[in-house]
Amino acid sequence: MGVGDGLDVRQVVVFGGGGHAKVVIATLRSAGYEVLVVGDDDRAKWGTRLMDVQIRAVTEAVDMGKDVFSVVAIGDNRARADMVHRLGRIRWLSVVHPLAFVDPTAHVGVGTVIFAGAVVQPNAQLGDHVIVNTSATVDHDCVLRDFVHVAPGVHLSGGVQIGTGAMLGVGAVVIPNRQIGAWSKIGAGGVVIDDIDGGITAVGVPARATR
Ligand code: JB2
């Protein structure tokens, strides 16, 4: 995780103050972190609280967080990537819920969050700012590039490769060794049995591209 001088390793700033941030905050707390502040662009939320944490403007949260770690907690992959790029040089934290299992041989990138009930098997490689949502499973040798989101209950068989920014909806399933291209979306409950190109939406059983 990279600990610098004067850095408080148990405090975290969260960017994004919606539903996904609630689960990120709960996960951080379960893992023993304290959330200092939430940064959000929505003025209507400034001064309100999320899970008992004050929401402030993003610039203020950046200021408050300069000596601690941060996580971007926005579920939408493009919006999360935009926020990460906008914030620039920040110390990103990755967090694993204590009730998730991540094999020690798996790689977990910075800013990545792994929620309760998730399982990440040997030699899986998770990039930066990935979301492995509640009870999703990522089997051996899977590769998930940066900004991927696998929603609750997704099951990835061994050797699956997911391109940057791709999104798999709730309960989607991918059979072994298939590839899903960057920024594609798989609809909830979709079953992927063929490779999926980048930038498309595929739905159904088996998952097929929508027009
Ligand atoms: O560029 C942006 C952006 N910048 C800041 N796009 C979007 N969509 N939101 C942005 N935000 C802030 O992130 C918004 O001001 C808002 O406070 C928050 C997004 O909150 P919302 O509740 O709309 O979405 P979410 O990402 O927290 O949760 C969604 O994704 C989760 C994975 C929901 O669909 C959840 O149900 C889901 N579990």
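Values as computed for the structure displayed
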{"quantity": "In degrees, nearest ten, helix 19-30 long axis to first principal axis of the chain (Cα)", "calculated": "70"}
{"quantity": "Estimated vicinal HN-Hα couplings, Hz - segment 38-51 in sequence order (Karplus 6.51, -1.76, 1.60; Gly, Pro = x)", "calculated": "10, x, 8, 7, 7, 4, 4, 8, 4, x, 8, 10, 10, 6"}
{"quantity": "Sequence-distant residues sharing a close amide H with Val108 (under 5 Å, placed H)", "calculated": "Leu126"}
{"quantity": "Amide proton proximity set for Lys185, modelled H, under 5 Å, gap of 5+", "calculated": "Met167, Ile200, Thr201, Ala202"}
{"quantity": "Long-range HN-HN contacts of Val173 with modeled amide H, under 5 Å", "calculated": "His155, Gly190, Val191, Val192"}
{"quantity": "Angle between the chain longest axis and helix 77-87 axis [Cα atoms, degrees, rounded to 10]", "calculated": "30"}
{"quantity": "The chain: Rg to Rh, with Rh as the Kirkwood radius over Cα pairs", "calculated": "0.98"}
{"quantity": "Helix-derived mean residue ellipticity, 222 nm - over the chain, DSSP H n ≥ 4, -39500 (n - 2.57), to 500", "calculated": "-4000 deg cm²/dmol"}
{"quantity": "³J(HN,Hα) computed for each position of segment 172-187 - Karplus, 6.51 cos²θ - 1.76 cosθ + 1.60, integer Hz, glycine/proline x", "calculated": "5, 10, 10, 6, x, 6, 7, 10, 10, x, 4, 6, 7, 10, 10, x"}
{"quantity": "Label-to-label distance, nm, for residues given as Thr210 and His107 (7 Å Cα→Cβ offset)", "calculated": "3.4"}
{"quantity": "Anisotropy class of segment 104-197 from Cα gyration tensor, a/c 1.5 cut", "calculated": "rounded"}
{"quantity": "3J(HN,Hα) from dihedral phi, segment 93-98, Karplus parametrisation 6.51/-1.76/1.60, rounded to Hz, x for glycine, proline", "calculated": "9, 10, 9, 10, 4, x"}
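Read-outs throughout are calculated quantities, based only on the coordinates presented, and are distinct from any laboratory measurement. Just so it is clear, the structure is predicted and the values come from calculations on it, not from any experiment. All Cβ positions, glycine included, derive from the backbone under ideal geometry; neighbour counts span all protein chains shown.
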